[in-house]
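Engineer: The structure under discussion is supplied below as structure tokens; questions concerning it will follow.
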Amino acid sequence: MAELVTVARKGPVGVVTINNPPVNASSQAVRVQLLALLKELEQDGNVSAVLICCAGRTFMAGADITEFDLPELPAPHPNEIHAFLDSMSKPVVAAMHGTTLGAGLELALSCHYRVAGSGARFGLPEVKLGVIPGAGGTQRLPRLIGLQKAVAMIDSGEMVSAAEALDSGLLDAVLEGDLADAALQYTEKLAGTHPGPRVLAYRPYSADTAQQAAAKELLARLHRPGRGGHARRQAVEATLQAGQIPFDAALEDEGRRFVLCRDTDESRALRHAFFAERAAARIPNLPANLTLRTIQTVGIIGSGTMGTGIAMSFANAGFPVVLQDLNEQTLERARKQVQTTYNAAVAKGRMSAEEAARRSALIQTTVDDTQLAGRDLIIEAVFEDFEIKKAIFRRLGEIARPGAILASNTSSLDVNVLAECSGRAGDVLGMHFFSPAHIMRLLEVVRCDTTAPEVLATIMQLAKRINKVAAVSGVCFGFIGNRMLEGYLREAEFLLMEGATPAFIDQSLEEWGLAMGPCRMIDMAGVDVAAKVVIEQRKAGNLPDDDTYRIVVQTLFERGRHGQKTGQGYYRYEGRKPVEDESALEIFRELGQKYGVKQRNDITAQEVVERCLYPLIAEGYRILEEGIAYRAGDIDVVWLHGYGFPAYRGGPMFHAQTVGEHKIVAAMERFAAERGNPYGYWDIPQSLAKALTA
Ligand code: 3H9
């Protein structure tokens with residue numbers, strides 16, 4: 001067994017170091033070795049205090065999540081270590097840096113003293129993985145910082161800073177200077193003292209009644225059926241037991257709830273999402289010893305909403321940006337957009353005025369495109385006009401410095417052609433940001449046939465620096481996300497022509513878990529924008545020869561109903577509030593009649609969900625078959641971070657596994673039989689059909 005936990009004796013202090021890169025997760029091997037060393041130190045007459053710290057970039061960041069797929073956590077359970085710490089006769093200090101999370105914080109809570117560097121952060125993020133703190137966190141944390149603060153941390157899963165932790169009593173001290181030295185000095189002073197009074201498990205505790213009432217109120221709010229949230233309810237219920245029943249019984253209750261949560265689809269989906277997000281950053285078959293390009297400065301062409309949002313994404317991460325456009329008026333609008341966004345963040349207390357000023361100063365604007373010439377990365381973000389984009393890439397080929405990376409933010413156009421126009425095809429790829437670009441976390445990175453491996457790898461690494469979750473897509477219409485959206489929107493429109501209302505369709509999909517139904521979504525993004533994509537694709541000959549295909553959005557566009565911005569689209573708007581609109585329903589009926597669509601009054605929420613989602617999932621299978629995505633998980637990442645797919649369902653491809661591929665095939669066959677299949681809408685992708693016989 002590799003040596004993951006070691007001890008060094010420094011005077012009266014036994015210094016235990018956990019070294020299990022990259023995040024010192026509490027794996028079985030770590031637990032075995034840690035427990036053995038603690039037992040050894042307890043027996044060692046020359047040691048009168050113990051210090052636990054971690055090597056590398058962080059203190060223990062939690063249990064090893066890969067062990068959650070095993071039927072049982074391999075022994076020893078962390079609680080066994082914690083119980084031993086409770087029983088020790090020598091004081092034990094946890095010295096923390098980086099992110100102390102989950103079982104890491106639970107280990108620290110079982111130590112008798114907690115100290116940290118000033119940059120350290122602390123959290124119990126278990127609910128984000130669909131589980132609850134399962135190693136005493138729900139019982140020890142309230143005893144240390146009070147029920148209210150403990151519930152806030154456990155229910156949100158968010159981290160607190162060292163300053164906040166010190167203030168709440170979670171930390172005994174924030175140490176300046178070198179943490180290892182300072183923590184050793186701190187521990188030396190404790191040598192020989194008895195830790196008894198510091199043991200949280202033995203501390204008598206009864207929660208303040210007002211705090212209990214607040215926690216119960218929160219619980220009542222969490223008791224909504226469906227929509228994930230199972231772990232949050234279990235976590236708050238478990239925390240409420242603190243002081244109500246004996247510690248050991250509460251620990252048992254916590255353990256039972258942990259296992260209950262771990263075995264839900266919700267937790268499996270969230271764990272899948274966690275690993276899928278990280279796997280998506282990896283590019284298969286990269287040559288060894290690849291040297292990445294250096295990106296320190298960024299240029300952006302096009303200062304519309306998208307270009308300006310992209311500029312803020314980079315400024316937020318400290319990159320100097322030049323934003324270029326054709327005229328001063330447009331640039332003035334962009335500057336206002338930047339100011340308004342940062343002012344709002346200051347007003348909401350999310351950013352200091354100095355920070356806002358620093359970030360906006362990083363964004364320079366210009367009408368002179370030669371100012372882009374020396375930039376390391378240049379992103380084109382003008383509107384979707386192929387001819388203009390081609391001209392821009394020709395120009396970039398002339399002016400950009402050798403070795404600069406050239407990217408297009410196109411959401412649908414052929415990036416291979418743009419690469420060719422630049423005359424330096426190896427340097428080009430797509431960077432498809434989602435609106436609002438400074439908020440949405442997804443970045444679809446579009447790999448051209450010619451993109452150099454180091455260019456792709458550089459951008460994937462850069463994505464993390466600007467706090468984006470990136471997934472790679474090959475070149476095809478709509479890339480991964482928008483291509484899958486087509487079948488979903490097609491069926492939503494057919495349902496409207498059959499007599500379902502926009503509100504019913506949206507509500508059915510939102511209750512299922514999507515952040516926003518298709519009608520509200522298009523009204524918000526712009527009916528004109530959506531219709532133009534269909535019209536362009538029709539011109540390019542990429543759509544089926546079906547007059548009814550996406551006819552609803554095109555008709556709304558023709559009638560000037562462009563969505564929220566014109567006050568009417570699929571809905572009518574009172575301010576931002578969508579209201580069912582008889583004149584829109586009349587258009588859907590009229591189209592239904594014109595194209596001979598049978599009117600129905602038996603459409604159920606389940607039919608809406610299956611009709612809209614199964615074509616989307618089927619397209620995902622085709623995308624994998626064609627090698628457009630590297631892995632199913634990448635497709636899930638795109639939908640989770642760019643399209644409001646509920647995390648507790650793990651993404652469309654994971655959801656297909658949860659539902660069962662055979663059920664999806666059966667439903668698609670049923671729809672084909674009921675509705676006919678002249679255009680192949682319900683064709684079963686080969687790999688989906690194969691999965692049934694495998
Ligand atoms: C828990 O503790 C339950 C207990 O209450 C009860 C138990 C009975 N396990 O994110 P990164 C891997 S629940 C296994 O890119 P960063 C990750 O997959 C747990 N692996 O780094 C990646 O691998 P690869 C509560 C883990 O610096 C690599 O480490 N804790 C774990 O951006 C680097 O990760 C959490 O939920 C793990 N726990 O962010 C914390 N954590 O290189 C989850 C990471 O092969 N972790 N890996 O792709 C995080 O939030 C972030 O990883 C962290 C570092 C903030 C720590």
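Where a number appears in this text, it was derived from the coordinates with a stated rule and is not lab data. What you are looking at is a predicted structure, and each value in this text was computed from that prediction instead of being measured. All Cβ positions, glycine included, derive from the backbone under ideal geometry; neighbour counts span all protein chains shown.
Engineer: Please arrange Lys149, Lys577, Lys189 by how many other C-beta atoms lie within 10 Å of their C-beta, fewest to most.
Structural biologist: Neighbour counts put them in this order, fewest first: Lys577, Lys189, Lys149.
Engineer: Taking the alpha-carbon distance from Lys149 and a cut-off under 20 Å, which aspartates and glutamates remain once sequence neighbours fewer than 8 residues away in the same chain are dropped?
Structural biologist: Those aspartates and glutamates meeting the cut-off are Glu106, Glu126, Glu158, Glu164, Asp167, Asp172, Asp208, Glu217, Glu237, Glu254.
Engineer: Hey, rough spin-label estimate for Lys690 and Leu260, points 7 angstrom out along Cα→Cβ, what's it come to in nanometres?
Structural biologist: In this crude label model, Lys690 to Leu260 measures out at 4.2 nm.
Engineer: Here's another thing I want to ask about it. Quick check for me: using +1 on Lys/Arg Cβ and -1 on Asp/Glu Cβ, what's the dipole size of region 511-644 about its Cα centre, in debye to the nearest 20?
Structural biologist: Value, rounded to 20: 380 debye.
Engineer: Let me ask another. Scan around Ile405 for amide H atoms under 5 Å from its own, H built in the peptide plane at 1.01 Å from N, and keep only partners 5 or more places away or cross-chain.
Structural biologist: Excluding prolines and chain starts, which carry no amide H, the hits are Leu377, Ile378.
Engineer: Follow-up question, since we're still on this one. Please give the length that would be gained between Ser206 and Asp248 if that part of the chain were fully extended, namely 0.36 nm times their separation in residues minus their C-alpha to C-alpha distance (nm, one decimal).
Structural biologist: Between Ser206 and Asp248, full extension yields an extra 13.6 nm.
Engineer: Under a cut-off of 21 Å between alpha-carbon atoms, report the lysines in cross-link reach of Lys532, not counting same-chain residues fewer than 8 places apart.
Structural biologist: Qualifying lysines at Cα under 21 Å: Lys389, Lys390, Lys565.
Engineer: A follow-up question, please. Restricting attention to region 337-440, which trypsin sites (Lys or Arg not before Pro) occupy a DSSP loop and are surrounded by at most 16 other Cβ atoms within 10 Å?
Structural biologist: Filter output for region 337-440: Lys348, Arg350.
Engineer: Also: Please find the FRET efficiency linking Arg538 to Arg576, where r is the Cβ-Cβ separation and R0 is fixed at 35 Å, and quote it to the nearest 0.05.
Structural biologist: 0.65
Engineer: Divide, for region 537-598, the radius of gyration over alpha carbons by 2.2 N^0.38 Å, where N is the residue count.
Structural biologist: That ratio works out to 1.26.
Engineer: Also, I was wondering about something else. From the phi angles alone, apply the Karplus equation (6.51, -1.76, 1.60; θ = phi - 60°) to region 206-218 and give each ³J(HN,Hα) in whole Hz, x where the residue is Gly or Pro.
Structural biologist: Per-residue couplings from phi come out as 9, 6, 3, 5, 5, 5, 5, 4, 5, 5, 5, 5, 4 Hz.
Engineer: A follow-up question, please. According to the square roots a ≥ b ≥ c of the eigenvalues of the Cα gyration tensor, what is the shape class of region 298-473, taking rounded for a/c under 1.5, prolate for a/b larger than b/c otherwise, and oblate for the remainder?
Structural biologist: prolate
Engineer: For region 62-170, which GluC sites (Glu not before Pro) are in a loop by DSSP, counting at most 11 other Cβ atoms within 10 Å?
Structural biologist: In loop regions of region 62-170 (DSSP not H, G, I, E or B), the sparsely surrounded GluC sites (Glu not before Pro) are Glu72.
Engineer: On to the next question. Gain in length, Ala29 to Phe274, computed as 0.36 nm per residue apart minus the alpha-carbon separation, to one decimal in nm?
Structural biologist: My answer for the length gained is 85.9 nm.
Engineer: With Cβ to Cβ distances under 11 Å as the rule, what net charge do the other residues near Phe68 carry (K, R +1; D, E -1)?
Structural biologist: My count for the surroundings of Phe68 gives -3.
Engineer: Suppose we keep just the DSSP beta bridges with both residues in region 5-263; what percent of those would be antiparallel, to 5?
Structural biologist: About 30 percent, rounded to the nearest 5.
Engineer: Label 7 Å along Cα→Cβ of Lys10; region 67-110 residues with amide nitrogen under 15 Å?
Structural biologist: Residues 93-97 fall inside that zone.
Engineer: Given labels modelled 7 Å from the Cα in the Cβ direction, how far is it in nm from Glu669 to Asp683?
Structural biologist: Taking the simple label geometry, Glu669 and Asp683 are separated by 1.8 nm.
Engineer: Please report, for the Cα atoms of region 5-263, the Rg to one decimal and the Dmax as a whole number; what are they, in angstrom?
Structural biologist: Expressed in Å, the Cα Rg and Dmax of region 5-263 come to 17.4, 57.
Engineer: Also, I was wondering about something else. Which value, in debye to the nearest 20, gives the size of the charge dipole of the chain about its Cα centre, when Lys and Arg are +1 and Asp and Glu are -1 at the Cβ?
Structural biologist: 900 debye
Engineer: Separate question: Hey, if you put +1 on the Cβ of every Lys and Arg and -1 on every Asp and Glu Cβ in the chain, which of Gln185, Met1, Tyr113 ends up farthest toward the positive end of that dipole?
Structural biologist: Of the options given, the answer is Gln185.
Engineer: How large is ³J(HN,Hα) for each residue in region 558-568, as worked out from phi by the Karplus curve 6.51 cos²θ - 1.76 cosθ + 1.60 (θ = phi - 60°), to whole Hz, x for Gly and Pro?
Structural biologist: 4, 7, x, 8, 8, x, 3, 5, 10, x, 8
Engineer: To continue, here is another question. Quick one: Cα centre-to-centre distance for region 219-260 and region 464-496, in angstrom?
Structural biologist: Here the two parts' Cα centres lie 37 Å apart.
Engineer: Right, another one. Could you list Ile587, Ile522 in order of exposure, starting from the residue whose Cβ has the fewest other Cβ atoms within 10 Å?
Structural biologist: Starting with the residue having the fewest Cβ neighbours, the order is Ile587, Ile522.
Engineer: Taking the alpha-carbon distance from Lys10 and a cut-off under 20 Å, which lysines remain once sequence neighbours fewer than 8 residues away in the same chain are dropped?
Structural biologist: Correct list for Lys10: Lys39, Lys90, Lys189.
Engineer: Quickly estimate the mean residue ellipticity at 222 nm for the chain, helices only: each DSSP H run with n ≥ 4 gives -39500 (n - 2.57), and the total goes over all residues, rounded to 500.
Structural biologist: About -15500 deg cm²/dmol.
Engineer: Same structure, new question: Quick one: Ile399, Ile301, Ile245, fewest Cβ neighbours within 10 Å first, how do they rank?
Structural biologist: So the ranking, lowest neighbour count to highest, is Ile245, Ile399, Ile301.
Engineer: Hey, another quick one. How large is ³J(HN,Hα) for each residue in region 617-624, as worked out from phi by the Karplus curve 6.51 cos²θ - 1.76 cosθ + 1.60 (θ = phi - 60°), to whole Hz, x for Gly and Pro?
Structural biologist: Karplus-based 3J(HN,Hα) across region 617-624 equals 5, 4, 5, x, 4, 5, 4, 6 Hz.
Engineer: Mind checking which of Pro74, Gly307, Ser422 is farthest towards the positive end of the chain's charge dipole, using Cβ charges of +1 (Lys, Arg) and -1 (Asp, Glu) about the Cα centre?
Structural biologist: Final value for the positive-end residue is Gly307.
Engineer: Continuing with the same structure: Multiply the residue gap between Ile283 and Gln185 by 0.36 nm, knock off their C-alpha separation, and tell me the result in nm, one decimal place.
Structural biologist: Working it through step by step, the gained length comes to 30.7 nm.
Engineer: Quick check: from the Cα gyration tensor, does region 62-146 come out rounded (a/c under 1.5), prolate or oblate?
Structural biologist: Oblate, since a/c reaches 1.5 and b/c is not below a/b.
Engineer: Continuing with the same structure: Please state the shape class of the chain: rounded when a/c is under 1.5, otherwise prolate if a/b exceeds b/c and oblate if not, all from the C-alpha gyration tensor.
Structural biologist: prolate
Engineer: Further, regarding this structure: Using amide H atoms built 1.01 Å from N in the peptide plane, name the residues 5+ places from Ala94, or on other chains, whose amide H lies under 5 Å from its own.
Structural biologist: Correct list: Ile52, His112, Tyr113, Arg114, Val115.
Engineer: For the chain, give the share of DSSP beta bridges that are antiparallel, in percent and rounded to the nearest 5; count only bridges with both residues there.
Structural biologist: Bridges in the chain that DSSP calls antiparallel: roughly 25 percent.
Engineer: Over the chain, what is the relative contact order in percent, taking alpha-carbon pairs closer than 8 angstrom and at least six residues apart?
Structural biologist: Value for the chain: 9 percent.
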